[in-house]
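The values are calculated or read from the model by the stated rules, or taken from the named source; none is laboratory data. Nothing here was measured: the structure is a model prediction, and the numbers come from that model. Positions of Cβ are generated from backbone atoms using ideal geometry, with glycine treated the same way; all protein chains shown enter the neighbour counts.
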């Protein structure tokens, strides 16, 4: 039997029992599709986070306390005073909360970020309607709020929220601004965040402890000097270099990218397990074709013919499953942005890996049944009733 004849027999076998073939290929289909989709999500999220951080520039520092390290609001004034050059110093006090409206009656959850008017100077957000927090609103403890793009849409059903009221943890806030969409940045998405004066967040959240302070220097050289200065300051204060982290934009970017890469690898590994399960399914189906082997041997098929037929049938199932999985993965990848509000970037490497893995699955998990089938005694095979 030639390879061509074997391929024809393999595909005729698939067509003769479509349901069995589809169920057998299901693991391969899901595994290949999952590899393509999960890698696309990981690369899309990584690209978006990278672009968001890079908009801040290389002259930005993130000063954040370790768990249990006291980091009160007064640290903002301290940093402004001790740094030997002009900087933008932005405190952040962030905590998740439920936010509700009365008209229309909606409720959402999201991060509430207590900060100052200087946050706008970082350049990571821009105002779509109304205005951002003003120094006067912050100094007078006014209950005003600026909504991220998603929160504005979800809470007010797409209507203009300027002038409306929202409730945060039982306190009423007047909406004074809405931000343009920006996507995922470091930490919580700014599109889902509600910004309020930090003077109000202390009483609202019941703490004076900051989540972090962002320092924007005039240039990268000054940022490096500021990083060294603050690292020495907090090391001397707490006796440890890990009590307060002072990270540059590059360091934050590297950490986030490493985390994203690990997460993507983990998800891809999970998809790989599905591929292996699919391969085991193919092997199990091939192992139960004993009587068919006896009939073919009785009709004159040689051991080499049986070996080739079984191997090609196994590879045909895995290849067809791989192609279906690729098409399914590409289809799902194109609807991800609408569902998750995050980009999905196509990876040719993931597509090639999916195709190669599906082929390898067919070869590896088809080899044992093929060898076993070719060595089977035809008399025993014909007597088999399973």
### Query
Only one residue in 71, 85 is in contact with a helix residue (DSSP H, G or I) (Cβ under 6 Å, 6 or more places away or on another chain) and either more than 25 Å from residue 134 (Cβ to Cβ) or modelled with pLDDT of 90 or more (or both), so which one is that?
85
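Yes/no per residue for (1) part of a helix (DSSP H, G or I); (2) farther than 30 Å from residue 109 by Cβ; (3) modelled with pLDDT of 85 or more; (4) in contact with a helix residue (DSSP H, G or I) (Cβ under 8 Å, 6 or more places away or on another chain):
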site: 201; (1), (2), (3), (4): yes, no, yes, no
site: 221; (1), (2), (3), (4): yes, yes, no, no
site: 226; (1), (2), (3), (4): yes, yes, yes, no
site: 230; (1), (2), (3), (4): yes, yes, yes, yes
site: 234; (1), (2), (3), (4): yes, yes, yes, no
site: 241; (1), (2), (3), (4): no, yes, no, yes
### Query
Regarding residue 269, is this residue crowded, with 19+ Cβ neighbours inside 10 Å, modelled with pLDDT of 70 or more, assigned by TED's automatic domain parsing to the domain that holds residue 47 and within 25 Å of the chain's Cα centre (by Cα)?
no
### Query
Residue check, residue 300 against (1) assigned to a loop (DSSP other than H, G, I, E, B); (2) under 34 Å from the mean Cα position of the chain (by Cα), all met but one. Which one?
(2)
### Query
Among the residues of region 42-57, is there at least one that is modelled with pLDDT of 80 or more and crowded, with 22+ Cβ neighbours inside 10 Å?
no
### Query
Any idea which residue in region 331-370 is modelled with the highest pLDDT, counting only those that are more than 22 Å from residue 272 (Cα to Cα) and in contact with a helix residue (DSSP H, G or I) (Cβ under 9 Å, 6 or more places away or on another chain)?
337
### Which listed residue is touching a helix residue (DSSP H, G or I) at 6+ places or on another chain (Cβ under 6 Å), more than 22 Å from residue 182 (Cβ to Cβ) and at pLDDT 90 or above, from 134, 115, 101
101
### Query
If you go through region 284-292 one residue at a time, do you hit one that is outside any helix (DSSP H, G or I), touching a helix residue (DSSP H, G or I) at 6+ places or on another chain (Cβ under 8 Å) and either crowded, with 18+ Cβ neighbours inside 10 Å or at pLDDT below 75 (or both)?
yes
